[in-house]
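**Q** My structure is below; once you've seen it, I'll send some questions.
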Amino acid sequence: MQQQEIKVCVLRVGGTNCDAETQRAFLELGVRAEVLHINELVKRKNLLDYSVLVFPGGFSFGDYVRSGVIFARYLSAKVGKEMEAFINEGRPILGICNGFQILVEYGLLPGFEGVSTYPEATLTTNEPTGFKCEWIYLKQENKGKCAFTSKIPAGKVTRMPIAHGEGRLLFPKEKEEKLLAKLIDEDMVVFRYCTEGGEAADGKYPTNPNGSTYDIAGICNREGNIFGLMPHPERAMYWWQQPDWTRQQQMTQYGDGKLIFQSIIDKLTKKCR
C-alpha cells in the first residue's frame, strides 16, 4: 500500500475527546485521516473504505453502565457486518484509553480465540480509586507481533500521559493465572508501567497508577493488528507537549507518542518487517 492510499477513520460519539488530536497525529505523518461520528458512518459511509480504525479517548455515552460498553454494543448493532469484514481482513484497529475499553467490551481484546461473545477481561475502577491524570513511564514488552509498536525496540522505556478513572485491567479471578500466562506466552503484552529506569512497578502505586494486573498498560490480539492502551500517544506526539518541555533542550520535534502512529503507517507501507 502506498502512503497516500492509507485512510484512517477516527470514530467518535457523544462524550468522545482527543479525536482531533488523534486525527492531527496521522495527518502530520502524511496519511489521510477523518473524524467520523458513528451516525455518519451508519448513514453515509462504509467502514471498509478505511485502512485503519481508531477509537480515541473520552467518555463515550457518558460512560454510563460501564466504560465503553454502550459504544461497543451500539457499534455491533449498527455496523456489525462491516466490523466483521474489517476484522476478518486483518485491518488494523487502535483503541486509546476509552477506545481500549471499547475493544475489550466488544470482545476484540484480548481476543485469545478471535472475537469473543462476552468480554474476556475488564478495565475497571482504578486502585487507589480516583481519576488519574499524569505522565507515566512504559516499557515495551512486545517482541515484534504488535503492528502499532514495530518502531519501538523491546525493552525501550517511553513516556506518555494517562487520563482515566477506570484503567485497571483485570481477568476473572478463577481464570486470572491461566489467562495472564497465555497473554505472556503468546506475546500479547505490549506495554507495562515501569519506573524511569525501566524497573517493573510490581503493582506499586504511583508507578502503576491504577492497580492493573501485571502492570499492564496495553495489549494486542494474537495477530498483532488490534491494539489497545490506556496512555494517550496523541498527547505525546510533540516534544512541547511534555510537562517539563521548558526545562529540556529540544532534541527532536516529536515525543514518544509519534512511534505508535508511525509504526502502523510503516507497517502498511511495508517499511517494517
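**Q** Evaluate E = 1/(1 + (r/R0)^6) for Glu177 and Leu48, where r is the Cβ-Cβ distance and R0 equals 41 Å; express this FRET efficiency to the nearest 0.05.
**A** The computed FRET efficiency comes out at 0.55.
**Q** Once amide H atoms are built 1.01 Å from N in the peptide plane, which residues 5 or more positions from Tyr254, or in another chain, come under 5 Å H to H?
**A** Excluding prolines and chain starts, which carry no amide H, the hits are Trp239.
**Q** Okay, next question. Going by amide H atoms built from the backbone, whose H comes under 5 Å of the H on Phe59, apart from near neighbours?
**A** Thr16, Asn17
**Q** Let me ask something else about it. Cross-link partners among lysines for Lys78, C-alpha distance below 22 Å, same-chain residues fewer than 8 apart left out?
**A** Qualifying lysines at Cα under 22 Å: Lys7, Lys43, Lys45.
**Q** Moving on. Would you list Cys133, Cys9, Cys146 from fewest to most Cβ contacts within 10 Å?
**A** The most exposed by this proxy come first: Cys133, Cys9, Cys146.
**Q** Peptides 259-267, 50-58, 124-132: what's the order by average Cβ count within 10 Å, highest mean first?
**A** Numbers: 259-267: 23.1, 50-58: 24.7, 124-132: 15.0.
The most tightly packed comes first, giving 50-58, 259-267, 124-132.
**Q** Taking θ as phi - 60°, what are the ³J(HN,Hα) couplings along segment 46-58 by the Karplus curve (6.51, -1.76, 1.60), each to the nearest whole Hz, with x for Gly and Pro?
**A** Coupling constants for segment 46-58: 10, 4, 6, 7, 10, 8, 9, 10, 10, 9, x, x, x Hz.
**Q** Roughly how far apart, in whole Å, are the Cα centres of segment 129-153 and segment 202-217?
**A** That distance is 13 Å.
**Q** Right, here's the next one. For the pair Thr117 and Ala154, what calculated FRET efficiency results from E = 1/(1 + (r/R0)^6), where r is the Cβ-Cβ distance and R0 = 30 Å, to the nearest 0.05?
**A** For R0 = 30 Å, the calculated efficiency reads 0.35.
**Q** Further question on the same structure: From the backbone phi of segment 166-183, what are the Karplus-calculated ³J(HN,Hα) couplings (6.51 cos²θ - 1.76 cosθ + 1.60, θ = phi - 60°) in whole Hz, Gly and Pro given as x?
**A** My calculation for segment 166-183 gives 9, x, 7, 6, 10, 10, x, 3, 6, 10, 4, 4, 5, 6, 5, 4, 5, 4 Hz in order.
**Q** Ordered by packing density, taken as the mean number of other Cβ atoms within 10 Å over each peptide's residues, highest first, how do 218-224, 152-158, 231-237, 27-33 rank?
**A** In descending order of packing, they fall as 231-237, 218-224, 27-33, 152-158.
**Q** Once you keep just the Cα pairs under 8 angstrom separated by 6 or more residues, what percentage relative contact order results for segment 3-268?
**A** 19
Since every read-out is calculated from the coordinates, none of them should be taken as a lab result. Please read these numbers as outputs of a predicted model, since none were measured by experiment. With ideal geometry, Cβ positions are generated from the backbone for all residues, glycine too; neighbour counts draw on all protein chains shown.
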